[in-house]
Amino acid sequence: MKNSNGLLIAAAVGILGVTGCATKNYVKTQTAPIIDHTNTLEQKTADNNRALHDVDDRATSGIKQAQSAADTAAQNAQNATKAAGDADVAANDAVHRADSLDSVVKGLDNYKSMANVTVTFGFDKAMLTKDDKEQLDTFAAQLGSAKSYILEVTGGTDSTGSAAYNYDLSQRRADAVVQYLASKYGVAAHRFYLIGIGKDKEVAPNTTADGRKQNRRVEVQLLSNMSNGQAPATSQTAPPPPSSN
């Protein structure tokens, strides 16, 4: 009897074991597609989120680029407006200078040379030396008796260096002479007729050291207007300049 009960119990346990395994397999079989589908949905959701993030980044980048382009266009417009304004001012100044110069040029035929002086400069220099100032002092002594005069101031250079640099250098040399005469002798600005010719017009060959020294000069001519028929005062030409410093 005991053996029969044991067999029954063992059989029951076996049946339960088989039934449990079958149940697990069934559950696994039923849930596997759901799990796979869920995983697929999660992957699609992740992919969509990444796509949305990429779109957002591109949209933000596009907005920034558009704003930058708009800012650049606005700045260019402001620059163009300023350039136009500057050009207009420059044009007006040019017209004013042209009118002023025209009034001088129209009467140049009536001007006669009364005196002149030449000062020379060291290589690449635009500062007056003591000797230069003494020569200008001698020349300026005649201005007190001159009537209706202008001073033609011409700056020059030797052939060393570029044309653009020499134009600037010749202008600075002429400016140095003008500033000296204006500040020391009170010569009014309208009496100066200033020209910087660079190396365009040489007074001596640039092939020699002495010739180059002579070309590094500023020439000043005292021109008096004789249109009123008055005889000019006796003039004295300044003595020849000493050797270049």
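The values are calculated or read from the model by the stated rules, or taken from the named source; none is laboratory data. Keep in mind it's a predicted model, so treat the numbers as computed, not measured. So basically every Cβ, Gly included, is an ideal-geometry build from the backbone, and we count neighbours across all protein chains shown.
Go through the range 204-228 and give me each residue that's assigned to a loop (DSSP other than H, G, I, E, B), over 31 Å from the mean Cα position of the chain (by Cα) and surrounded by 14 or more Cβ atoms within 10 Å (Cβ to Cβ). I'd like the intermediate steps shown before the answer.
Let us first name the residues in the range 204-228 that are assigned to a loop (DSSP other than H, G, I, E, B), namely 204-208, 216, 226-228.
Checking which are over 31 Å from the mean Cα position of the chain (by Cα) leaves us with 204-208, 226-228.
Of everything in the range 204-228, those that are assigned to a loop (DSSP other than H, G, I, E, B), over 31 Å from the mean Cα position of the chain (by Cα) and surrounded by 14 or more Cβ atoms within 10 Å (Cβ to Cβ) turn out to be ALA204, ASN206, MET226.
Residues LYS184, LYS201: which one is at pLDDT below 90, in the same structural domain as ASP124 (by TED's automatic domain parsing) and not β-branched (Val, Ile, Thr)? First the steps, then the outcome.
Working: LYS184 fails: at pLDDT below 90.
LYS201 is the lone residue from the list that is at pLDDT below 90, in the same structural domain as ASP124 (by TED's automatic domain parsing) and not β-branched (Val, Ile, Thr).
Collect the residues in the range 183-203 that are assigned to a loop (DSSP other than H, G, I, E, B) and either surrounded by 14 or more Cβ atoms within 10 Å (Cβ to Cβ) or touching a Cys at 6+ places or on another chain (Cβ under 6 Å) (or both), keeping them in residue-number order.
The first filter runs over the range 183-203 and keeps only residues assigned to a loop (DSSP other than H, G, I, E, B), leaving 186-188, 197-203.
Matches in the range 183-203: VAL187, ILE197, GLY198, LYS199, GLU202.
So which residues in the range 153-173 are on the phi < 0 side of the Ramachandran plot and surrounded by fewer than 20 Cβ atoms within 10 Å (Cβ to Cβ)?
Taking the range 153-173 first, the residues on the phi < 0 side of the Ramachandran plot are 153-160, 162-173.
Across the range 153-173, the qualifying residues are SER159, THR160, SER162, ALA163, ALA164, TYR165, TYR167, ASP168, GLN171, ARG172.
Is there any pair with a first residue in the range 162-179 that is part of a helix (DSSP H, G or I) and a second that is buried (at least 20 other Cβ atoms within 10 Å of the Cβ) and among the polar types (S, T, N, Q) whose Cβ atoms are under 8 Å apart and which are 6 or more apart or on different chains, and what are they?
Pairs that qualify, where the first residue is part of a helix (DSSP H, G or I) and the partner is buried (at least 20 other Cβ atoms within 10 Å of the Cβ) and among the polar types (S, T, N, Q), are ASN166/THR157; LEU169/THR157; SER170/THR157; ARG173/THR157; ALA174/THR154.
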